[in-house]
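Everything below concerns the one structure shown next.
Throughout, read-outs are computed from the coordinates displayed, never taken from laboratory work. Computed from a predicted model, the values in this text were never measured in an experiment. Cβ placement follows ideal geometry from the backbone for every residue including glycine, while neighbour counts extend to all protein chains displayed.
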Amino acid sequence: MTEKTLEAVVLAKRPDGSITPDVFATVERLWPAIKEGDVLTRTLFASVDPYMRGILNEGRTYREGLAVGDMIPGETVGQVIQSKHPAFREGAVVSGAFGWATVLATPGDRLVRVPDDVPPSTYLGVLGMPGTTAYSGMTDIGQPKAGETVVISAASGPVGATAGQIARRAGARVIGIAGSV
């Protein structure tokens with residue numbers, strides 16, 4: 001019997017300046033076995049977020065850097081292909097922070113079920129890490145009020161765009177800054 005394999009994206013080497021394709025490599029690995037409480041998913045979407053640049057370097061920035069050979073971590077949306085968790089049936093669409101691989105095994109308590117009426121990719125934007133970053137930044141820290149002016153840098157990205165909408169909803173005047181390379 002042939003064992004099933006998956007593809008994972010790993011850090012192949014440290015970047016020297018800008019990110020280039022050779023910083024990453026695709027490797028083949030065996031499908032993980034799952035235990036009671038785990039879920040096996042097939043990845044539908046994987047997120048690329050700004051924090052990821054820092055973890056490609058050696059050492060610690062705001063999070064420990066990856067070792068060469070480590071799988072690239074990140075938010076993903078996937079479809080359940082096997083479940084040993086009572087809350088997730090085969091075929092369900094789920095989201096969580098796992099990594100860049102075609103198949104992932106995860107404890108079910110680290111998953112969020114994506115409702116049928118919500119586009120799955122939304123969980124990598126406004127309903128994912130970028131959205132929660134914007135929400136906590138604006139509601140916990142910024143706390144915009146009606147009549148105030150809020151300036152959002154990087155307003156064209158998912159965090160900035162969401163932060164701008166939150167500030168506008170609070171009644172603030174919003175100025176967004178966006179640029180190009």
Report summary line: Per the rule of 0.36 nm per residue minus the C-alpha distance, extending residue 109 to residue 140 adds in nm 8.6 nm
Requested in this report: May I have the extent of the alpha carbons of the stretch 52-98 along their three principal axes, as whole Å values ordered from largest to smallest?
Outcome: 40, 19, 14
Query raised in the report: About its Cα centre, how strong a charge dipole does the stretch 5-119 have in debye, to the nearest 20, once Lys and Arg get +1 and Asp and Glu get -1 at the Cβ?
Result: 160
Query raised in the report: Can you tell which of 78, 160, 59 shows the greatest fluctuation in a Gaussian network model of the chain with Cα springs below 10 Å?
Result: 59
Query - Principal-axis tilt of helix 158-169 within the chain, Cα atoms, nearest 10 degrees - result: 40
Report task. Springs between alpha-carbon atoms under 10 Å, Gaussian network over the chain: tell me which of 156, 83, 18 tops the mean-square fluctuations. Result -> 18
Query raised in the report: Under the rule of -39500 (n - 2.57) per DSSP H run of 4 or more residues, summed and divided by the residues of the chain, what mean residue ellipticity at 222 nm is obtained, to the nearest 500 deg cm²/dmol?
Result: -4000 deg cm²/dmol
Query raised in the report: Taking the Cβ of residue 166 as the center, what net charge do the other residues with Cβ under 14 Å away carry, scoring Lys and Arg +1 and Asp and Glu -1?
Result: +2
Requested in this report: Can you find, among 135, 12, 95, the residue farthest towards the positive end of the dipole of the chain? Put +1 on the C-beta of Lys and Arg, -1 on that of Asp and Glu.
Outcome: 135
Report summary line: Ranking 33, 114, 81 by how far each Cα lies towards the positive end of the charge dipole of the chain (+1 on Lys and Arg Cβ, -1 on Asp and Glu Cβ), the top one is 114
Report task. Quick one: Debye curve from the alpha-carbon atoms of the stretch 129-177 only, equal weights, vacuum; give me log10 I(q)/I(0) at q = 0.17, 0.23 Å⁻¹ to two decimals. Result -> -0.37, -0.69
Query raised in the report: What do you get for Rg/Rh of the chain when both radii come from the Cα atoms and Rh is the Kirkwood radius?
Result: 1.03
